[in-house]
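Written out below as structure tokens is the structure these notes cover.
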Amino acid sequence: MLIGNRDFDSNHTHIMGILNVTPDSFSDGGRFNGRENALRHALSMIEDGAEIIDVGGESTRPGYTMISEDEEIERVCPIIELLKRETDVPVSLDTYKSGVALAGIKAGADMINDIWGLKFDSEMAGVIAASKLPCCLMHNRDSVKSPYTDFLSDMLSDMRRTLEIAANAGITRDRIILDPGVGFGKSYEQNLQAIKYLDSLACLGYPVLLGTSRKSVIGLTLDLPSDERVEGTVATSVIAAMLHCMFVRVHDVKENYRAVRMAEAVLNADGSE
């Protein structure tokens with residue numbers, strides 16, 4: 001899949017580095033708000049093995065407060081422009097709002113990462129289709145208002161609806177990545193299932209991205225705060241590599257990059273001497 005100036009191999013697990021330019025992210029809020037801090041962190045992640053940087057301007061942690069499109073644009077667009085000027089690594093924009101996506105595309109974003117899978121903003125699919133950029137479409141659901149009857153079956157049904165929206169808008173199959181949405185609209189047990197059964201999502205015929213970095217499913221499993229969840233994240237990244245996910249989206253790039261490379265070396269061993 002071509003993203004920006006790079007052709008990403010779907011048979012290899014690539015590292016997406018998270019760059020939050022928000023004051024209230026659950027794990028690193030406020031640390032990378034300024035242009036210099038954001039660029040420094042992005043360059044560090046690239047040096048550690050990140051092949052794409054995902055820029056987010058609004059926290060989507062549980063109980064988050066939605067900000068206006070204008071405020072989100074003011075946060076992300078200068079950073080996208082800076083990264084495009086100072087690096088040659090593709091830049092993804094993490095937003096579910098069509099106005100922010102349009103501004104980010106004009107600023108140079110190479111991909112749109114929509115946590116609502118085109119279902120929050122009816123204009124989003126059209127914006128992405130017109131741009132001809134790739135997109136990552138995540139599974140999400142208000143599980144309180146719309147409880148699951150059979151979690152895995154319902155998740156796949158929801159994703160098929162997302163793919164239908166994409167197709168109707170003119171987003172071509174070769175520009176779509178799917179994300180099971182760990183931590184979004186799911187119970188602890190359902191988050192574990194979403195990770196375990198990643199291959200069922202892949203059966204829809206699209207590349208898959210897994211994003212578990214420092215999330216509550218790891219904190220609850222290991223009884224650890226967000227800044228002590230590296231090892232738990234690494235474990236899920238190894239699972240992603242074993243199940244042939246195309247991307248893992250992480251905060252701690254170096255550790256996850258090394259673990260994925262090691263896992264792939266074992267998986268690719270052919271048994272000959």
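Remarks
- Filter result (in contact with a helix residue (DSSP H, G or I) (Cβ under 8 Å, 6 or more places away or on another chain) and either surrounded by 14 or more Cβ atoms within 10 Å (Cβ to Cβ) or without any contact (Cβ under 8 Å) to a residue 12 or more places away in the chain (or both)) within the stretch 126-139: Gly126, Val127, Ile128, Ala129, Ser131, Leu133, Pro134, Cys135, Leu137, His139
- From Ser59, Ser25, residue being within 30 Å of Met262 (Cβ to Cβ), modelled with pLDDT under 95 and of a type outside the set (A, V, I, L, M, F, W, C): Ser25
This table checks each residue for (1) buried (at least 22 other Cβ atoms within 10 Å of the Cβ); (2) charged (D, E, K, R); (3) farther than 18 Å from Phe8 by Cβ.
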| position | (1), (2), (3) |
| --- | --- |
| Asp114 | yes, yes, yes |
| Phe120 | no, no, yes |
| Met124 | yes, no, yes |
| Lys145 | no, yes, yes |
| Tyr148 | no, no, yes |
| Phe151 | no, no, yes |
| Arg160 | no, yes, yes |
| Glu164 | no, yes, yes |
| Gly181 | yes, no, yes |
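- Test: residue in the stretch 135-142 that is farther than 21 Å from Val234 by Cβ, at pLDDT below 95 and over 17 Å from the mean Cα position of the chain (by Cα): yes
- Qualifying residue in the stretch 189-200 (condition: at pLDDT 95 or above, of a type in the set (A, V, I, L, M, F, W, C) and more than 16 Å from Leu137 (Cβ to Cβ)): yes
- Within the stretch 49-72, the set of residues being open to solvent by less than 40 Å² (accessible area, probe 1.4 Å) and not in a loop (DSSP other than H, G, I, E, B) comprises Ile52, Ile53, Asp54, Val55, Gly56, Glu72.
- Candidate set: the stretch 223-272, residues that are in a loop (DSSP other than H, G, I, E, B) and under 19 Å from the mean Cα position of the chain (by Cα); chosen: the one surrounded by the most Cβ atoms within 10 Å (Cβ to Cβ): Cys245
The values are calculated or read from the model by the stated rules, or taken from the named source; none is laboratory data. Predicted, not measured: the structure shown is a model, and the values here were computed from it. FYI the Cβ positions are ideal-geometry reconstructions off the backbone, even for glycines, and counts take in every protein chain you see. Each accessible area value is taken on the protein alone, full model and side chains, heavy atoms only, with ligands, DNA and RNA left out. Shrake-Rupley method; radii C 1.70, N 1.55, O 1.52, S 1.80 Å.
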